[in-house]
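> Dropping a structure here in structure tokens format, bear with me for questions.
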Amino acid sequence: MKKNKELFNPIRVMSIFGTRPEAIKMAPVVKELEKTEGIESIVCVTAQHREMLDQVLDLFHIKPQYDLDIMRAGQTLNEITCRVLTGLKEVIQEAKPHMILVHGDTTTTFVGALAAFYGQIKVGHVEAGLRSGNMYSPYPEEMNRSLTGRLAHLHFAPTKGNEGNLLKEGISKESIIVTGNTVIDALLQVVKPDYKFELDLLNKIDYKNKKVILLTSHRRENLGEPMKNIFSAIKEVVMINEDVEIIFPIHLNPKVREIAFEILGDVPRVHIIEPLDYEPFANLINRCNIILTDSGGIQEEAPSLGKPVLVLRAETERPEAAWAGTVKIAGIERENIFKLTHELINNEEEYNKMANAVNPYGDGKASHRIVKAIEEYFRIDKYE
Ligand code: UD1
Ligand code: UDP
């Protein structure tokens, strides 16, 4: 059935996000929505993260119309869920969006989609279709993403493989748009070859003659033993390799901090620093030699900058860069993490094999494709 375009003029699109990675990856979409005639862009942040979210909003000059401000220290999944769901009810009633956009796999994502469903609002899922196949890894993200897929009307899949995952679950092909990942749109805006860091330590490091490793770790399923294994392996690597420097911008989660400072706090050449704003962080990826991470987003950014990544997880929902050879799954056991890192530091041939710039995740135009698809959806509501 054709719908009259005037009914949706303007199309009110509300983007809901709450954590650092969602903000980074939604910022280019919000900017694209803002400049598109016929669309009214509304932003609601849950503030599941606070400081780590605010720095991204500042960088991209995004001023949310709604801010639920729900973050509490050491928050549980149940608490986040309840606070977001309650807060969104009134926001949705007041803003009356035609479509709600959520991103990825956080608790904000799933609850945002659920609140949209309860308000009978259409849902667009950005970064749809990634699957590890294990509901507990990443936890709770694998399930958050799958459930959001059940609630979505439009699925913006970064890769053909992600589209394939959705098709296997019975999602109709015409509701899936393969767009690339918006993280590449964001990355291309901030990486500069002559970037100067505000934190002088980062300017002083000898990136040419030292083996500089960028480390991040924050996953819920790694808290406890796996994280202890990861940091112990890194300690061993540093003790054995005198030319290694580790830069570790540490997540604000107090549970991560406790383990990290206990194991790595006094280790020479391990620089534990506060989380970096996105611009310096992306430029740091570009400067260092190797990345060790359990992050999702960094697995997508580093390959496009030609940096080898060892993934500190048992499995990944982002296999494309591993297929391309730039990423290896190092797992969460101390010995294997040590072995692979030590090899990458000391075996030039192995390093060069992995240090290839590959870009399976996008060409920097994902946001444009997403907004075009939304316009198309409301012009002819062909998916009902
Ligand atoms: C969340 C997401 C995870 C995502 C990660 C990105 C869920 C369940 N988890 O995990 O998918 O990969 O964000 O970083 O949605 N904190 C601060 N200030 C901040 C941010 C966090 O102090 O700006 C501290 C708080 O004590 C907070 C804790 O970190 O309670 C954990 O935050 P939370 O959002 O619950 O979990 P993350 O591990 O950050
Ligand atoms: N990032 C950042 N500062 C940091 C660490 C990471 O800006 O100190 C960026 C990184 O470039 C990526 C995103 O944050 O775009 C990833 O966030 P995180 O690792 O917290 O979450 P995940 O991607 O695992 O969900």
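Values in this text are rule-based calculations from the coordinates and carry no lab data. Just so it is clear, the structure is predicted and the values come from calculations on it, not from any experiment. Note that each Cβ is placed from the backbone with ideal geometry, even for glycine, and that neighbours are counted across all protein chains shown.
> Name the residue farthest towards the positive end of the dipole of the chain from the options Ala324, Asn356, Thr182, assuming +1 on Cβ of Lys and Arg, -1 on Cβ of Asp and Glu, about the Cα centre.
Thr182
> What is the order of Ile263, Ile272, fewest Cβ neighbours within 10 Å to most?
With the sparsest Cβ surroundings first, the list reads Ile272, Ile263.
> Compute the distance in nm between two label points, each set 7 Å from the Cα along the Cα-to-Cβ direction, one at Tyr207 and one at Ser172.
Between Tyr207 and Ser172, the label points sit 4.9 nm apart.
> On full extension of the chain, what length is gained from Leu188 through Glu343, given 0.36 nm per residue of separation minus the C-alpha to C-alpha distance?
Full extension of this stretch gives 52.8 nm more.
> Separate question: Just how many % of Cα pairs in region 234-384 lie over 26 Å apart, if you round to the nearest whole percent?
It works out to 34 percent of all Cα pairs.
> Name the most mobile residue of Glu163, Glu262, Glu127, meaning the one with the largest mean-square fluctuation, in a Gaussian network model of the chain with Cα contacts below 10 Å.
Judging by the Gaussian network model, the answer is Glu262.
> Still on this structure: Among Glu315, Glu40, Glu94, which one moves the most in a GNM of the chain with springs linking Cα atoms closer than 10 Å?
With Cα springs under 10 Å in the chain, the top fluctuation among Glu315, Glu40, Glu94 is at Glu94.
> Right, something else. Two-decimal Rg/Rh of region 132-259 from alpha-carbon positions, Kirkwood Rh?
Expressed as Rg/Rh, it is 1.07.
> Grab the alpha carbons of the chain, take their convex hull, and tell me the volume per residue in Å³.
Spelled out: Cα convex hull of the chain, divided by residues, is 123 Å³.
> Moving on. Please give the calculated 222 nm ellipticity per residue for the chain, where each DSSP H segment of at least 4 residues contributes -39500 (n - 2.57) and the sum is spread over every residue; nearest 500 deg cm²/dmol?
-13500 deg cm²/dmol
> Using the beta-carbon distance between Gln65 and Asp243 and R0 = 30 Å, what value does 1/(1 + (r/R0)^6) give for FRET efficiency, to the nearest 0.05?
0.05
> If you take the alpha carbon radius of gyration of region 191-251 and divide it by 2.2 N^0.38 Å, what ratio comes out, to two decimals?
Expressed relative to 2.2 N^0.38 Å, the Cα Rg reads 1.33.
> What ranking of Val371, Val91 emerges when the number of other C-beta atoms within 10 Å of each C-beta is taken as an exposure proxy, fewest first?
Lowest count first: Val91, Val371.
> Follow-up question, since we're still on this one. Just to be sure I follow: if Rg is taken over the C-alpha atoms of region 57-182 and Rh is the Kirkwood radius over the same atoms, what is Rg/Rh?
0.97
> On to the next question. Could you list log10 I(q)/I(0) for region 1-75 at q = 0.25, 0.26 Å⁻¹, which the Debye formula gives when each Cα is one point scatterer?
Values, matching the q order: -1.10, -1.16.
> Between Arg50 and Glu90, what's the calculated FRET efficiency when r is the beta-carbon distance and R0 is 22 Å? Round to 0.05.
For Arg50 and Glu90, the calculated efficiency is 0.60.
> In whole angstrom, how long is each semi-axis of the equivalent ellipsoid of region 38-87, when you take the square root of 5 times every eigenvalue of its Cα gyration tensor and sort them from largest down?
22, 15, 6
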